[in-house]
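Reviewing the structure listed below.
Just so you know, all these numbers are worked out from the coordinates, no wet-lab data involved. None of these values were measured; they are calculated from a predicted model. Using ideal geometry, Cβ is built from the backbone for each residue, glycine included, and neighbour counts are taken over all protein chains shown.
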Amino acid sequence: MTTELITMGVVLIICSYLIGVKKYWQLLAGIQLKRAKDPEKVANFLATVMLLVGALLVTTGGIGFQPAEAMMTPCIFVLLLAVLYANVKMMR
């Protein structure tokens, strides 16, 4: 069991819940929701990506994936690509 992966996964799942359900959109760093065509769609897209990445991290941490850095690097890359996609395709 890798506690670093589980901790990061739980943090991402909590942030996803706060963004997607509770509408704490100020947690979205790097996104200007005022410029978005549909701000709720952008927030829901990023919350979904964060939820999927968080679930992946919790799962791999639960089975004891070693080393943790080998799993964190692609997950951070996926999150950065999601923010880039939202900034390019979902903005006016």
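So here's what we get for this one:
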quantity	calculated
Number of positions in segment 1-57 that are within 23 Å of F77 (Cβ to Cβ), out of contact with any Gly (no Cβ under 9 Å at 6 or more places or on another chain) and of a type in the set (V, I, T)	4
Residues being closer than 14 Å to Y85 by Cβ and surrounded by 14 or more Cβ atoms within 10 Å (Cβ to Cβ) - total across segment 12-46	8
Test: residue in segment 44-56 that is more than 10 Å from the chain's Cα centre (by Cα) and of a type outside the set (A, V, I, L, M, F, W, C)	yes
Tabulated pairs, segment 14-28, first on the phi > 0 side of the Ramachandran plot, second in a helix (DSSP H, G or I), C-beta under 8 angstrom, 6+ apart or interchain	K23/A43
